[in-house]
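Peer 1: The structure follows.
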């Protein structure tokens, strides 16, 4: 199963840890809120994505499982 990174925009406070830990998949807008690349997370980044999810202080990130390709 492949995974996709999702952000709860209502819960997010714009701390920016996700972009620091996973710059390949997350950038920040002008106000410091995450812009997540669409699509599946490459296998080589799965561990980094999980670290970003675990580090989010307001639990605004999650990994959603999708059927693999």
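Peer 1: Does residue 49 fit the bill of being surrounded by 12 or more Cβ atoms within 10 Å (Cβ to Cβ), closer than 15 Å to residue 9 by Cβ and out of contact with any helix residue (DSSP H, G or I) (no Cβ under 7 Å at 6 or more places or on another chain)?
Peer 2: In short, no.
Peer 1: Please go through (1) surrounded by 12 or more Cβ atoms within 10 Å (Cβ to Cβ); (2) under 11 Å from the mean Cα position of the chain (by Cα) for residue 15 and return the number of the only condition it doesn't satisfy.
Peer 2: (2)
Peer 1: Follow-up. Could you list all residues from segment 29-39 that are under 11 Å from the mean Cα position of the chain (by Cα) and surrounded by 11 or more Cβ atoms within 10 Å (Cβ to Cβ)?
Peer 2: Answer for segment 29-39, where residues must be under 11 Å from the mean Cα position of the chain (by Cα) and surrounded by 11 or more Cβ atoms within 10 Å (Cβ to Cβ): 34, 35, 36, 37.
Bear in mind these aren't lab numbers, they're just calculated from the coordinates by the rules spelled out. This structure is a prediction, so every number in the text was calculated from the model and none was measured. Here the Cβ is made from the backbone with ideal geometry for all residues, glycine too, and neighbour counts use every protein chain on show.
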